[in-house]
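Okay, so here's the structure we're looking at.
The values are calculated or read from the model by the stated rules, or taken from the named source; none is laboratory data. All values reported here derive from a predicted model rather than from experimental measurement. Heads up, the Cβs are rebuilt from the backbone with ideal geometry, glycines too, and the neighbour counts pull from every protein chain shown. Calculation scope for accessible area: heavy atoms of the full protein, side chains included, ligands and nucleic acids excluded. Shrake-Rupley method; radii C 1.70, N 1.55, O 1.52, S 1.80 Å.
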Amino acid sequence: MQHHPYLIIGGGVAAGFAAQEFAQQNAGVGKVGIITADSSLPYDRPPLSKSFLAGASSHEDILLKKAVFYREHGIQVSTRTSVINLDLRRRILHCEPTGKIGFEKLLIATGSEVRRLDLPGATLKGLYYLRLLQDAQALRRQIKKGRRAVVIGSGFIGMEVASVLAAGGVETTLIFPQDRVWSKLFTPEMSTWFQRYFEKRGVKLMAEKRVSALLGNKTVRAVGLASGEEVTADIVVAGIGVVPATRLFEKTSLQLKDGIRVNEFLQTNHPGVWAAGDVSNYPDKVFEKRRRLEHWDNAVEQGRCAVRNMMGKPQPFIHVPYFFSDLFDLSYEFWGDAAGADEVVYRGKMESGKFSVWWFRKERLVAAFVMSRPEEERQMAPKWIMERTKINRQALKDGKRGLCSG
């Protein structure tokens, strides 16, 4: 039976950066193992809906580290290996095709799984989801053949995929049930701006529409809406969210509630087991609430933090939530948590596409969106959120310097 003092389940961002942290912390040659059902070494996921999907980067480009890194540090990566069940008490994984694998300390970094459509026609060819490398590879091949595409969902993935499809010359329609794009995050003014931006680049937006069926014989030919309308398409991409990948752990003693519950050190309720990334439900010390995040930065930082704790170097995970996105020729960043905000301040000129948005709750800065703005704003946004700095909101709105009023 194989045995590793440190074992990681997962092959995504959290797993890849955890492996790098083990190497940096000198865990030792032959001490670390990675088990992943994927066919690839750990890779970066954000490019799957951006540069990789557009054909601007290759599989090799998106690898977090090349094979030589794992060889040099004696990290054994078992690809195409599925964990069938696990015995946490005896610290053994039962895997296929490798059989039993033992461990002393375990990091769970299984990530998340896409939500799938549950409606007539959901098994037709031509329907795509985007989560894994093979998903992006299949969709990238189809982009070269497709003429008309429908993207379902106007959130993070939906908007990125729609922009790549439209930029690639595919006639693209974005369908969503809300009254405006990404209403969960964007203010009404931001949604209006992005909707106009997308429309100018050829994307047709269909708000307040619900998909009732996919139509076709073996292959999708159209998307049927609850309103009775049909939208012709030979490519359909569903970007309707994800769920934490916890099915493997449902019959274990691990505490599960919207992911695997961990403490501030990312340790589960079971001794010797940690969880990081999309699957981790952790106590956010910045906003004093529990949360589970599905973004790159969270996976990176939690993967690193978990390893330091596994190696006996206690460090609580205290981090301002952050993500970034690329849409056509735009790039923007977001920090914090805008939920419950009672005031919003805009800085810059929105019509120019160079603006920032700042959310406040009870006079405390809780979130910031920055796009094509001075570097100072990028640097100060997470600092102010973390430190709860008192901000002169009128000076912020006026675009003046000297923003701290406390």
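At least 1 residues being polar (S, T, N, Q) is the threshold, and among the strands (runs of 3 or more DSSP E) wholly inside segment 119-221 those reaching it are 171-175, 211-217. Give me the residue from segment 20-42 that is buried (at least 24 other Cβ atoms within 10 Å of the Cβ) and within 19 Å of the chain's Cα centre (by Cα) and, out of that set, nearest to PRO97 (Cα to Cα). Going through the qualifying residues, I end up with THR36.
Against the numbered list (1) over 24 Å from the mean Cα position of the chain (by Cα); (2) of a type outside the set (Asp, Glu); (3) open to solvent by 40 Å² or more (accessible area, probe 1.4 Å), LEU214 comes up short only at (3). Would a scan of segment 373-386 turn up a residue that is touching a Ser or Thr at 6+ places or on another chain (Cβ under 8 Å), more than 30 Å from ALA23 (Cβ to Cβ), assigned to a strand (DSSP E or B) and not aromatic (Phe, Trp, Tyr)? Scanning segment 373-386 turns up no residue that is touching a Ser or Thr at 6+ places or on another chain (Cβ under 8 Å), more than 30 Å from ALA23 (Cβ to Cβ), assigned to a strand (DSSP E or B) and not aromatic (Phe, Trp, Tyr).
Only one of GLU333, GLU294, GLU288 is of a type in the set (D, E, K, R) and over 22 Å from GLY155 (Cβ atoms); which? It would help to see each step written out before you state the result.
On the way: GLU333 fails: over 22 Å from GLY155 (Cβ atoms); GLU294 fails: over 22 Å from GLY155 (Cβ atoms).
Step by step, each of GLU333, GLU294, GLU288 is checked, and only GLU288 is of a type in the set (D, E, K, R) and over 22 Å from GLY155 (Cβ atoms).
Residue under question is VAL220, and the condition is that it be in contact with an Asp or Glu (Cβ under 7 Å, 6 or more places away or on another chain), surrounded by 14 or more Cβ atoms within 10 Å (Cβ to Cβ) and closer than 23 Å to GLY12 by Cα; does it hold? For VAL220, the condition - in contact with an Asp or Glu (Cβ under 7 Å, 6 or more places away or on another chain), surrounded by 14 or more Cβ atoms within 10 Å (Cβ to Cβ) and closer than 23 Å to GLY12 by Cα - is not met.
Residues that are closer than 23 Å to GLU333 by Cβ and among the β-branched types (Val, Ile, Thr) within segment 156-183 comprise ILE157, VAL161, VAL164, VAL181, listed in sequence order. Restricting attention to segment 244-260, the residues that are in a strand (DSSP E or B), in contact with a Leu (Cβ under 9 Å, 6 or more places away or on another chain), open to solvent by 10 Å² or more (accessible area, probe 1.4 Å) and farther than 23 Å from SER49 by Cα total 0.
Within segment 352-390, the residues that satisfy the criterion of being open to solvent by 60 Å² or more (accessible area, probe 1.4 Å), without any contact (Cβ under 8 Å) to a residue 40 or more places away in the chain and not basic (Lys, Arg) are SER352, GLU363, PRO374, GLU375, GLU376, GLN379, GLU387.
I'm checking my understanding of the structure. Among residues of segment 309-335 that are open to solvent by 10 Å² or more (accessible area, probe 1.4 Å) and small (Gly, Ala, Ser), which one is nearest to the chain's Cα centre (by Cα)? So the residue we want is SER331.
Residue by residue, here is whether (1) without any contact (Cβ under 8 Å) to a residue 40 or more places away in the chain; (2) surrounded by 18 or more Cβ atoms within 10 Å (Cβ to Cβ); (3) among the charged types (D, E, K, R); (4) within 18 Å of VAL114 (Cα to Cα) holds:
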{"site": "GLU199", "(1), (2), (3), (4)": "yes, no, yes, no"}
{"site": "LYS204", "(1), (2), (3), (4)": "yes, no, yes, no"}
{"site": "GLY228", "(1), (2), (3), (4)": "yes, no, no, no"}
{"site": "VAL237", "(1), (2), (3), (4)": "no, yes, no, yes"}
{"site": "VAL242", "(1), (2), (3), (4)": "no, no, no, yes"}
{"site": "VAL262", "(1), (2), (3), (4)": "yes, yes, no, no"}
{"site": "PHE265", "(1), (2), (3), (4)": "no, no, no, no"}
{"site": "GLY272", "(1), (2), (3), (4)": "no, no, no, no"}
{"site": "ASP278", "(1), (2), (3), (4)": "no, yes, yes, yes"}
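Restricting GLU294, GLU333 to those that are of a type in the set (D, E, K, R), part of a strand (DSSP E or B), touching a residue at least 24 places away in the same chain (Cβ under 8 Å) and within 21 Å of ILE62 (Cβ to Cβ) reduces the list to GLU333.
Just one of the numbered conditions (1) more than 20 Å from GLY259 (Cα to Cα); (2) within 18 Å of the chain's Cα centre (by Cα) is not true of PHE360: (2). Of the residues making up segment 141-156, those that are open to solvent by 30 Å² or more (accessible area, probe 1.4 Å) and either among the acidic types (Asp, Glu) or at pLDDT below 95 (or both) are ARG141, GLN142, LYS144, LYS145, ARG147, PHE156. Screening VAL77 with (1) under 30 Å from TYR332 (Cα atoms); (2) aliphatic (A, V, I, L, M); (3) touching a residue at least 40 places away in the same chain (Cβ under 8 Å) gives one miss only, at (1).
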